[in-house]
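Following: one structure in structure tokens, then a few remarks.
Coordinate-derived values only; no laboratory data. What you see is a predicted model, and the numbers here were worked out from it, not measured in a lab. Cβ placement follows ideal geometry from the backbone for every residue including glycine, while neighbour counts extend to all protein chains displayed.
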Amino acid sequence: MSRKIKIFDTTLRDGEQTPGVNLNIQEKLEIARQLEKLGVDVMEAGFAIASPGDFEAIRAVAAEIKNVTVASLCRAVEKDIDRAWEAVKNAVSPRIHTFIATSDIHMKHKLKMSEDEVLERAVAMVKYAKKYCSDIEFSAEDAGRSRPAFLHRIFQAVIDAGATCINVPDTVGYTTPGEFGNLIKGIMENVKGIEKVDLSVHCHNDLGMAVANTLAAVENGATQIECTVNGLGERAGNASLEEVVMALTTRKNYYNFTHNIDTTQIYRTSKLVSSLTGVLVQPNKAVVGENAFAHESGIHQHGILNEKSTYEIMTPESIGLSQNKMVLGKLSGRHAFEDKLKEMGYTLDQEAINKAFEKFKELADKKKVILDDDIQALVEERVSQIPEMYQLVSFQTNSGNKVIANGVVELRREDSIITEAATGDGPVDAIFNAIERAVGIELKLAGYNLRAVTGGKDALGEVTVKVENNGKIFVGRGISTDIIEASVKAYLNAINRMMSEIN
Ligand code: KIV
Ligand code: ZN
């Protein structure tokens, strides 16, 4: 019989450690809801002691998510564990995930503790956490570079102390699939009682081997995979959820494992995470990249037309990638629009449907044919809306190859209207300068990206900006068929996000 592999998603914790990513509570909740739809077994909602924002977000996720275990990370320290429990205690299925480093390098240079001291602390903290919660995960940080004999000893001890899941992180993405598989095999053979707990792996992608290492681990006995949507995470990121899941699914004939993931939710989850984090997916990324199902060569196209399986090992439909076939237009009514939202898997409340319908009508005036990707962009724009301290009233730009670009913006703040003008190096720079004058803050533009949501000259343009203020990055997103307008909306979205955090 096939063994079931649990999927532990850490997009909201390790994924949020991606440089430049900073999600607010609403955004984390939206991702958590989508992860629940996707069918993950465990979601790590954050690191409770890291910041009040992290703590509140975990609490909000724990209160709302019903069908997934909700975990908080914590160091093997009493005050961290107290905070983690406070954050997850209202979850239907809470988990405390505590960790301490076990490699010689980390113990000597970071912890300044001996093996015996680390083991003693790990046992004491698992026992401490167990007073609160029955589900305790213990991670041996930098396990990939730890002495296997020490790992066996510490895992044995924490299982005896009550840990229900043992995690083996390759924290710095150093191991190779052969090595990592052997490490897991050794743990299976040398740790008494390992079969009674979950054996988890958490692989980083520094050498591009996170997915391969993860799969080698499950072949050798691991029962839980830690991963992130789009492979987000510290430095080069973590094993990508969509890649490990589709490898297990597409190659079931080889791996013979099952999982709980509804793979048709993969594409939507990837898009949502990309748009909320502002981290774009590389076009040639496996499974969810723009080119993952594109066939360029004539020979390939010919093969596909005759028989899809010639060059397609999985179908776009299996990850929920619509063919953009079903089209709505100017004359489509509310019913057709609502049906479309349902068919796309959205469950929005009436207010959200009304807003999305309004935007759909506006768009239909400008764009002949509305595709699924347009609707997804409209719905996701709603998710990234936050309280608007500054609202756009109007803007105007003037540019050309013989004039100095200039822009004028009119913003509303409460009851007053602020109008400012500025010049710049092109229309986007000019209008951004005018906005900065209007809000009275100088910002650093840390990133600007423009993509066309669909093909065609009248396509919606989606702009993602990253602005930096006092060392903190704020992401903003805007969509419009006019790319300057999309840029203005994105810049204001980032500024309003910054304001809502400051106030
Ligand atoms: O990479 C790592 O070691 C981690 C642990 C804290 C699980 O993220
Ligand atoms: Zn990690």
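Worth a mention:
- Out-of-range pairs (alpha-carbon distance over 27 Å; input LYS359/LYS457; LYS79/LYS112; LYS79/LYS192; LYS355/LYS489): LYS79/LYS192
- Straight-distance crosslink candidates among aspartates and glutamates, where the alpha carbon sits under 18 Å from LYS367 and sequence neighbours closer than 8 are dropped: GLU358, GLU381, ASP458, GLU462, ASP482, GLU485
- FRET efficiency, GLU362 to MET1 (Cβ-Cβ, R0 56 Å, nearest 0.05): 0.55
- Exposed-loop-free span, longest in the chain, where trypsin sites (Lys or Arg not before Pro) count as exposed if DSSP calls them loop and at most 11 other C-beta atoms lie within 10 Å: 193-324
- Global form of the chain, assessed from the alpha-carbon gyration tensor, a/c cut-off 1.5: prolate
- Compared with the direct C-alpha span, the chain from SER114 to LYS37 gains 23.3 nm at full extension, assuming 0.36 nm per residue.
- Neighbour counts of C-beta atoms inside 10 Å place LEU207, LEU341 in the sequence LEU207, LEU341, starting with the fewest.
- Using C-alpha pairs under 8 Å with a sequence gap of at least 6, the mean separation divided by the residue count of segment 391-502 gives a relative contact order of 17 percent.
- Euclidean distance of C-alpha centroids, segment 77-102 and segment 432-502, integer Å: 36
- Fraction of beta bridges assigned by DSSP in the chain that are antiparallel (%, nearest 5): 50
- Sparse-neighbourhood loop sites, GluC sites (Glu not before Pro) in segment 437-503 - DSSP loop, at most 15 other Cβ within 10 angstrom: GLU442
- The calculated FRET efficiency for LYS131 paired with LYS196, based on their beta-carbon distance and R0 = 30 Å, is about 0.90.
- Available extension along the chain between ASN306 and GLU442 is 43.2 nm, counting 0.36 nm per residue and deducting the alpha carbon span.
- Net dipole in debye of the chain [+1 Lys, Arg Cβ; -1 Asp, Glu Cβ; about Cα centre; nearest 20]: 420
- The gain in end-to-end length when the ARG235 to ASN256 segment is fully stretched comes to 4.4 nm, 0.36 nm per residue minus the alpha carbon separation.
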